[in-house]
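As structure tokens, the structure follows; a few thoughts come after it.
The values are calculated or read from the model by the stated rules, or taken from the named source; none is laboratory data. Because the structure is predicted, anything quoted here is derived from the model rather than measured. Cβ coordinates were reconstructed from backbone atoms using ideal geometry, including for glycine residues, and neighbour counts include every protein chain displayed. In case anyone asks, the SASA skips ligands and DNA or RNA and just uses the protein heavy atoms, side chains included. Shrake-Rupley method; radii C 1.70, N 1.55, O 1.52, S 1.80 Å.
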Amino acid sequence: MEKELELLRQKCAFLERVIHGVPANIYVSDLEKGVVWCNKTNEESLGYPLEEIRKMEGMAYMQAILHPDDQQVPGESVDHYQNFSGAEFGGVFRAKHKDEQEYKWYIGWAKAFARNDEGTVKELLCVDVAMSPHMNTEEQLVQALKDNLRLKNKLLIKSLRKREIEILSLICKGYSTKSIAKKLFISENTVSTHRRNIQQKLGTANVAELVNLASEAGLG
């Protein structure tokens, strides 16, 4: 028994060294409380000890480290797990160390880690890797951002209903509202309503932006 306990202690110590030594920020985020656990790499790269992070409930910690233009990233992740069934969700964002002014690029992935009694996702296991130090050229970073945008747009397209995707596909092919109505045997008013709903869901201001987003996502 003593030998088994010693082997178990050694195994736990080894796994702890791996988790805290891996060159990536690993943390568990409660969708209501915020970050409840993180590894040493996360503490060192962003300057916040776990004890301090836990005191910053909700989105306060994320708001402190994220670039102003990327503040929506955590909310998008929460929204994804509250409205979609996808196992994983990823994104690219900028974050900075507590005592520094310069932001670094990170690519992160989250996965459902714990669920409540109703089966709803309660906690996420997140892994963020700093991109900037490992990018050999500016071209690679630009390409990585384009790839991330493409994935994000695909998720937005998936949020549309079947009829909306059908109409969006026809818009991308250059069909007018009148032509779409005739092809789908529906009224022009119905097509116009669908178009407004599509633009609202995708966050586009005009047809050009709509077509560009759909093209980035591989539609059309």
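Structure above, values below:
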item	result
Of all residues in the range 1-53 being farther than 24 Å from Ala112 by Cα and either among the basic types (Lys, Arg) or assigned to a strand (DSSP E or B) (or both), the one that is farthest from the chain's Cα centre (by Cα)	Lys3
Pairs where the first residue, in the range 138-167, is farther than 20 Å from Val92 by Cβ and without any contact (Cβ under 8 Å) to a residue 24 or more places away in the chain and the second is part of a helix (DSSP H, G or I) and open to solvent by less than 80 Å² (accessible area, probe 1.4 Å), C-beta under 8 Å, 6+ apart	Glu166/Leu184
Restricting the range 28-52 to residues that are among the charged types (D, E, K, R) and exposed (fewer than 15 other Cβ atoms within 10 Å of the Cβ), the residue that is farthest from Leu15 (Cα to Cα)	Glu32
Test: residue in the range 11-19 that is within 25 Å of Leu149 (Cβ to Cβ) and open to solvent by 20 Å² or more (accessible area, probe 1.4 Å)	no
Residue that is farthest from the chain's Cα centre (by Cα), among those in the range 173-220 that are part of a loop (DSSP other than H, G, I, E, B), exposed (fewer than 12 other Cβ atoms within 10 Å of the Cβ) and not hydroxyl-bearing (Ser, Thr, Tyr)	Phe185
Every residue from the range 135-148 that is modelled with pLDDT of 75 or more and open to solvent by less than 80 Å² (accessible area, probe 1.4 Å)	Asp147
